[in-house]
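Report on the structure given below.
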Amino acid sequence: MNGVIVAGTDGSAVADEAVCWAVDDAARRGAPLRIVHAVEAWPYGASGFSASGTADFAVRAGERMLTEAARAAADRRPDAVVTTELVEGAPAAVLRDQATAAAELVVGSHGVSAVTGALLGSVPAGVAGHVDGAVVVVRPSMADPYGGIVVGVGDSEECEPALAFAFEQARLRGCPLRAVHARRTPSRVSEPGPDRTEDEAPRAVADRLAAWRERFPTVAVTQDMACAPPAAALVDASGRAALLVVGSRGLGAVGSLILGSVSRQVLHHARCPVAVVRQAPLRSSPAGHR
Ligand SMILES: Nc1ncnc2c1ncn2[C@@H]1O[C@H](COP(=O)(O)OP(=O)(O)O)[C@@H](O)[C@H]1O
Ligand SMILES: [Mg+2]
């Protein structure tokens, strides 16, 4: 799991924080970091000559931005291997493309053109849930550095990749993991009987967690059952967390939606960095069937 970590930067303060997050994670994992800046107005045609002064400026500004970001990352983590890449194209499309061969993609929640009141920039909205694996969206300085990892555990298999990512992060950081399962109403109580009066949901969650506890015996796990809408419970928990991890969608997700509603709300309102983890489709499935 030492694949490259890709961080996108537009030179904004929030992107700087994303690069810090990414280089910390690269050092933790012993993985290389690639810092990427996308330039939409690419000045060079096939001939290699610049066609427009404005676009030329964008390339030079991008190169400067990358040099500064790489220097800041290397200062922060001298042990990390850091490279940079300037790429032509729309930022979200470029980063989606880069993510296909990366272990993780890291972006800021906002960027240089932050619209007042916008809950999320267009780049994180265009990458989270759109690529296999983990997309980490870093918010400006709100994480509790002493907090643990919080992971949302749903009712379906869809949260397994999120659990894998969350356990791995807790192990790497040596911090506790809090698994939150929430539902609006108390879950159905089983038919009465000597062993069957217990609420079924916590048991199902405990079963789901059991396999992961076995694989990560050093991680201290607590299981929380919240009687609240899931997004609200997770946003609340994010106030005391270093990182919140969710799957890209759950059981309720409508087929055509890229992101489930819980993941989307959490990306808009969480008070710490959020990792959205999407499962890679099974490669063995027959062609044309997903
Ligand atoms: N041109 C770009 N190249 C690479 N990454 C980018 C670029 N633009 C934005 N990003 C990444 O996306 C994050 C959010 O930016 P964006 O969605 O553009 O928000 P805003 O609308 O506030 O500018 C940035 O913090 C950065 O990590
Ligand atoms: Mg922008």
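Output yes when any residue across region 184-193 is at pLDDT below 95 and surrounded by 15 or more Cβ atoms within 10 Å (Cβ to Cβ), and no when none is. Yes, there is a match, as at least one residue in region 184-193 is at pLDDT below 95 and surrounded by 15 or more Cβ atoms within 10 Å (Cβ to Cβ). Of all residues in region 95-122, exactly one satisfies the criterion of being assigned to a helix (DSSP H, G or I), farther than 14 Å from A15 by Cβ and within 11 Å of ligand 1 (Cβ to nearest atom), namely Q98. Looking only at region 100-157, residues that are of a type outside the set (A, V, I, L, M, F, W, C), over 15 Å from C272 (Cβ atoms) and in contact with a strand residue (DSSP E or B) (Cβ under 6 Å, 6 or more places away or on another chain) come to 3 in all.
Note on region 123-167: residues that are surrounded by 19 or more Cβ atoms within 10 Å (Cβ to Cβ), under 18 Å from A237 (Cα atoms) and within 16 Å of ligand 1 (Cβ to nearest atom) amount to 5. When V135, V127, V112 are screened for being under 15 Å from G3 (Cα atoms) and either more than 15 Å from ligand 2 (Cβ to nearest atom) or not assigned by TED's automatic domain parsing to the domain that holds S263 (or both), only V135 passes.
The values are calculated or read from the model by the stated rules, or taken from the named source; none is laboratory data. What you are looking at is a predicted structure, and each value in this text was computed from that prediction instead of being measured. So basically every Cβ, Gly included, is an ideal-geometry build from the backbone, and we count neighbours across all protein chains shown.
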